[in-house]
Amino acid sequence: MNMLAHDAPALVSHDAWRTARLALLTREKELTRLHDAIARERRALPWVPVETPYTFDTPQGTRTLAELFDGRRQLMVQHFMFAPGWEQGCKSCSFMADHHAGALTHLAQRDLTLIAVSRAPLADIEAFRRRMGWTFPWVSSQGTSFNHDFGVNFTQEEMSRGAVDYNYVRQPFPHEEAPGISVFVRDDAGQVFHTYSRYGRGVETMMHTYALLDLTPRGRDEDEEDYPMAWVRHHDRYDTSPVATPGGCCATKP
């Protein structure tokens, strides 16, 4: 880990620092305005009716996609990488999920339900959730095409071709599971519409830790890591040494 993001930071007077800070503030405000403009464009995207009658295994029994809204108009899904046969959920998806607890009550006030969906059996999901201490809704899509239809699960045939359709482009991908976020809306008649999905680095929206690290001199400090997020572990697997466990973002399969 580098001591600082650059080897020789400039040492200046407070007035010189303020001048540099104001120059950066101009750029930051430009980014904020661009962010707001893109958010408006995102809200203006057309909607796609969801016609497939997906069902999910939940602790309360089998539920339809519409029932997962829990009485609200909007539903946000974390596509959590946890496949049948895996010993535990993906550590990077777990990093995302660690940020949910404090947001749930506030999201509900804006008519939004946040859940996670994985292909693992519900019993495995519940066991891992208890280990992690999470309380957000997490359901199983096992036996359905939900994950594949929304671009976060790939068949063996697709994998054998050397490239899959992920993040709206055809590209090589190392795993049968992929991370993502999808948003749905339900109308008064109960019809569900898909409004938005994002993948790849887009899922950093759910990684508030990164937003905080980006404010510091060290930043994310991942340049010397084997891959981005190599340092991340399940929150009950950190020790006193900031050394990442070997392997990728996904759990080891038996």
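Descriptive notes on the structure:
- What you get for the chain, charging only the Cβ of Lys and Arg (+1) and of Asp and Glu (-1), is a dipole of about 580 debye around the Cα centre.
- Order of Leu68, Leu25, Leu215 - criterion: other Cβ atoms within 10 Å of each residue's Cβ, fewest first: Leu215, Leu25, Leu68
- Between helix 14-43 and the chain: long-axis angle, C-alpha atoms, 0 to 90°, nearest 10: 20
- Radius of gyration (Cα atoms) of the chain, expressed as a multiple of 2.2 N^0.38 Å: 1.13.
- DSSP-assigned coil residues among trypsin sites (Lys or Arg not before Pro) in segment 90-128, each with at most 11 further Cβ atoms within 10 Å: Arg110
- Working from Cα pairs under 8 Å separated by at least six residues, relative contact order for segment 77-150 is 35 percent.
- Summary value for the chain: 25 percent relative contact order, contacts being C-alpha pairs under 8 angstrom separated by 6+ residues.
- When each of Trp138, Trp17 is scored by the number of other beta-carbon atoms lying within 10 Å, the sequence from fewest to most is Trp17, Trp138.
- Note on the chain: with a GNM built from Cα contacts shorter than 10 Å, the maximum mean-square fluctuation among Ala101, Ala44, Ala127 falls on Ala44.
- For the chain, DSSP calls about 75 percent of its internal beta bridges antiparallel.
- By the count of other C-beta atoms within 10 Å, a proxy for reagent exposure, Ser160, Ser94 are ordered fewest to most as Ser160, Ser94.
Each value in this text was obtained by applying a stated rule to the coordinates, not by laboratory testing. Everything quoted here is computed from the prediction, not taken from an experiment. Backbone-built Cβ (ideal geometry, glycine too); neighbour counts: all protein chains shown.
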